[in-house]
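Asker: Before I ask anything, let me first share the structure, which is written out below as structure tokens.
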Amino acid sequence: MEEVKIMQVPFNRLDLQFEKYQREYEEKVLSVLRSGWYILGKEVSGFETELASYLGSKYAVGVASGLDALVLAFRALGIGKGDEVIVAANAYIACFMGISMNGATPVPVEPDEYYNLDVEKIESALTSKTKAILAVHLYGQTCDMVRLSAICKEKGLFLVEDCAQSQGSLCGDRKSGTFGDIACFSFYPSKNLGAFGDAGAVVTDREDLAERVRVLRNYGSEKRYHNEVIGYNSRLDEIQAGLLRIRLTHLEELNREREKIALRYLRGIRHPKMVLPTLRDGCSSVWHLFVVRVEERQRWIDYLGEKGIGTVIHYPIPPHLSQAYRDLGYEKGTFPYTEKLADEVLSLPLYHGMTEEETDYVIESINRF
Ligand SMILES: *Cc1c(COP(=O)(O)O)cnc(C)c1O
């Protein structure tokens, strides 16, 4: 077999999408710096309006991070001590923490073949304490929102969405983030709609929830020095909001670029030992991550590493087995599918500015293993 030349393909490169719109980003930062107004100003309210309108929602409220968005969303819904929230067992740890930080209990449920909450398994996890379902659109693909909405309606539960990885993804013709009572967004730099620091938002059609989060994010006060409740400091700053407004105008284009790379992977990778991601009928993915599954994962990581290809595991330890959640008392083997996924998932390089040559090099290296 002919030798393929080694090429460096890191897992991610955040500098390339910055370079692509560099002038716009730099002009925005300078204009905010010169404005003399740095927190909760016209960039934040402009971004909130534009984000809500892009998604097709009524209200967006900028906060300091994705975790804060979750914490404030559950608090605004009045979910706390003694309450239970259903969440996919393979979700990111922040999803669990957003529930726990309000004193409520996350109740893990196994995911389906699309790595999202398995709707069939929800019924047996419901108790009289269940107050909400958290739908985490993992890796970029929307959950089965039609059936989740129906279950929540039937059982009188709140439906909360975590769109940290799914900005712009669809279920039918509606975007993720528009199905539930309230949706939570993270704009951590590596997300599809990424800031250049920490940032987040909640999105909702309910005016009362938007208003509550607006009050909670700023020390529990709407009117300065009139504090209605004990709140937080979870304000979004003007520089991040300004940069996000620019990134939002390019989000569709950036998502299409990710999709092109993902489709190239899906067409090109042919390895009997690698399981490729699939899409649920009627749901789209914005390919936040391209996650494959392999047995003997470390051998793959080492081999791809030798080829100059970076990979990352999302996520190696499921929350129910993490030390932080020891007190929930779950033992290994409680969620076998989730634990199998944690042993097998591997994310391949996928970033803005990734060339076809780089993508093909990853494909060829995999196919030769
Ligand atoms: C990134 C992420 C979060 C947390 O967002 P931060 O901004 O890092 O706090 C929450 N949920 C999911 C699914 C995420 O991917």
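Asker: May I ask you to order 46-56, 150-160 by the average number of other C-beta atoms within 10 Å around their residues, highest value first?
Answerer: On the way: 46-56: 18.5, 150-160: 16.3.
The most tightly packed comes first, giving 46-56, 150-160.
Asker: Would you work out the Kirkwood radius for region 84-166? I mean one over the mean of 1/r across all pairs of different Cα atoms, in Å. Intermediate values should be presented prior to the final figure.
Answerer: Numbers: mean 1/r = 0.0804 Å⁻¹.
With all distinct Cα pairs of region 84-166 included, I get 12.4 Å.
Asker: Shifting gears a bit: Give me the distance between the Cα centres of region 182-202 and region 42-96, rounded to whole Å.
Answerer: 10
Asker: Using θ = phi - 60° and the Karplus relation 6.51 cos²θ - 1.76 cosθ + 1.60, list the HN-Hα couplings for region 53-64 in order, rounded to whole Hz, with x at every Gly or Pro.
Answerer: Result, ordered by residue: 5, 4, 7, x, 10, 7, 10, 10, 10, x, 9, 7 Hz.
Asker: Which net charge results for the neighbourhood of GLU222, defined as the other residues with beta-carbon distances under 12 angstrom from its beta-carbon, given Lys and Arg at +1 and Asp and Glu at -1?
Answerer: Working: positive: ARG212, ARG214, ARG217, LYS223, ARG224; negative: GLU211, GLU228.
Computed value for this residue: +3.
Asker: Further question: Mind scanning LYS20/LYS175; LYS121/LYS273; LYS129/LYS153 and naming the pairs with a C-alpha gap bigger than 19 Å? Mind showing how you got there, number by number?
Answerer: Details: LYS20/LYS175 26 Å; LYS121/LYS273 28 Å; LYS129/LYS153 16 Å.
Long pairs (Cα-Cα over 19 Å): LYS20/LYS175; LYS121/LYS273.
Asker: I would also like to ask the following. Please work out the Cα center distance from region 223-246 to region 262-338, rounded to the nearest Å.
Answerer: Here the answer is 35 Å between Cα centres.
Asker: Once every DSSP H run of n ≥ 4 in the chain is given -39500 (n - 2.57) and the sum is divided by its residues, what mean residue ellipticity at 222 nm do you get, rounded to the nearest 500 deg cm²/dmol?
Answerer: Details: 11 runs with 137 residues, N = 369.
Mean residue ellipticity at 222 nm (helix-derived): -11500 deg cm²/dmol.
Asker: From the convex hull of the Cα coordinates of the chain, what is the mean projected area in square nanometres? If you can, show how the numbers build up before the last one.
Answerer: Values: hull surface 76.3 nm².
Approximately 19.1 nm², given one-decimal rounding.
Asker: Taking only Cα atoms of region 259-369, what ratio of Rg to Rh do you get with Rh as the Kirkwood inverse-distance radius? Don't jump to the answer; show the numbers that get you there.
Answerer: Values: Rg = 15.6 Å, Rh = 15.4 Å.
Rg divided by Rh gives 1.01.
Asker: From the backbone phi of region 14-30, what are the Karplus-calculated ³J(HN,Hα) couplings (6.51 cos²θ - 1.76 cosθ + 1.60, θ = phi - 60°) in whole Hz, Gly and Pro given as x?
Answerer: 7, 6, 5, 6, 5, 4, 4, 10, 3, 4, 4, 5, 5, 4, 5, 4, 4
Asker: What residues qualify as long-range amide H neighbours of VAL109, i.e. H under 5 Å apart, gap of 5 or more or another chain, H built at 1.01 Å from N?
Answerer: HN-HN under 5 Å from VAL109: VAL87, ALA88, ALA89.
Asker: Right, next: Checking the a/c ratio against 1.5 first, then a/b against b/c, what shape does the Cα gyration tensor give for region 161-237? Provide the component values of the computation, followed by the final result.
Answerer: Working: a/c = 3.74, a/b = 1.55, b/c = 2.41.
In terms of gyration-tensor shape, oblate.
Asker: Same structure, new question: Can you tell me the Rg and Dmax of region 1-70, counting just the alpha carbons, in angstroms?
Answerer: 19.0, 63
Asker: Which residues' amide hydrogens lie under 5 Å from the amide hydrogen of ILE39, considering only partners 5 or more residues apart or on another chain, with H built in the peptide plane?
Answerer: GLU238
Asker: Something else now. Treating cross-link reach as a plain straight distance, find the aspartates and glutamates whose alpha-carbon is under 13 Å from the alpha-carbon of LYS191, omitting any fewer than eight places away in the same chain.
Answerer: Cross-link targets: ASP162.
Asker: If DNA, RNA and ligands are ignored and the probe is 1.4 Å, what is the ranking of ASP162, ASP343 by accessible area, most exposed first? Kindly include the intermediate steps, with their values, before the conclusion.
Answerer: Values: ASP162 15, ASP343 90 Å².
From most accessible down to least: ASP343, ASP162.
Asker: Once the other residues with Cβ under 13 Å from the Cβ of TRP300 are scored (Lys, Arg +1; Asp, Glu -1), what is the net sum? Each step should come with its number before you reach the end.
Answerer: On the way: positive: LYS273, ARG293, ARG297, ARG299, LYS307, ARG368; negative: GLU295, GLU296, ASP302, GLU306, ASP343, GLU344.
In short, 0.
Asker: Using amide H atoms built 1.01 Å from N in the peptide plane, name the residues 5+ places from VAL312, or on other chains, whose amide H lies under 5 Å from its own.
Answerer: Placed amide hydrogens put SER347 under 5 Å from VAL312.
Asker: Right, next: State to the nearest 20 debye the size of the charge dipole of the chain about its Cα centre, where the only charges are +1 on K and R beta carbons and -1 on D and E beta carbons. The partial results should precede the final answer.
Answerer: Working: 44 positive and 53 negative charges, 116 e Å.
Roughly 560 debye for the chain.
Asker: So what J values fall out for region 177-184 if you push phi through Karplus, 6.51 cos²θ - 1.76 cosθ + 1.60 with θ = phi - 60°, rounded to Hz, Gly and Pro as x?
Answerer: Going residue by residue, I get x, 10, 9, x, 5, 7, 10, 10 Hz, with x marking Gly and Pro.
Asker: For the chain, with a Gaussian network of springs between Cα atoms less than 10 Å apart, report the residue from TYR21, TYR315, TYR337 with the top mean-square fluctuation.
Answerer: So, out of TYR21, TYR315, TYR337, the one fluctuating most is TYR21.
Asker: With the chain treated as a Gaussian network of Cα nodes joined by springs under 10 Å, which of GLY329, GLY80, GLY98 yields the largest mean-square fluctuation?
Answerer: GLY329
Asker: Still on this structure, please answer the following. Rank CYS143, GLN167, ALA132 by how far each Cα sits towards the positive end of the charge dipole of region 131-180 (+1 on Lys, Arg Cβ; -1 on Asp, Glu Cβ) and give me just the farthest.
Answerer: Of the candidates, ALA132 comes out farthest on the positive side.
Asker: Students often check this: by mean Cβ neighbours within 10 Å, which of 283-295, 203-215 ranks highest, and how do the rest follow? If you can, show how the numbers build up before the last one.
Answerer: Working: 283-295: 22.1, 203-215: 20.2.
For the peptides 283-295, 203-215, the packing ranking is 283-295, 203-215.
Asker: Can you tell me the Rg and Dmax of region 240-281, counting just the alpha carbons, in angstroms?
Answerer: 15.2, 46
Asker: How much FRET efficiency would the formula 1/(1 + (r/R0)^6) give for ARG174 and LYS42, where r is the Cβ-Cβ distance and R0 is 30 Å, rounded to 0.05?
Answerer: The computed FRET efficiency comes out at 0.55.
The values are calculated or read from the model by the stated rules, or taken from the named source; none is laboratory data. Everything numeric here is computed off the predicted structure, so don't read it as measured data. Here Cβ is always computed from backbone atoms with ideal geometry, including for glycine, and neighbour counts include all displayed protein chains. Each accessible area value is taken on the protein alone, full model and side chains, heavy atoms only, with ligands, DNA and RNA left out. Shrake-Rupley method; radii C 1.70, N 1.55, O 1.52, S 1.80 Å.
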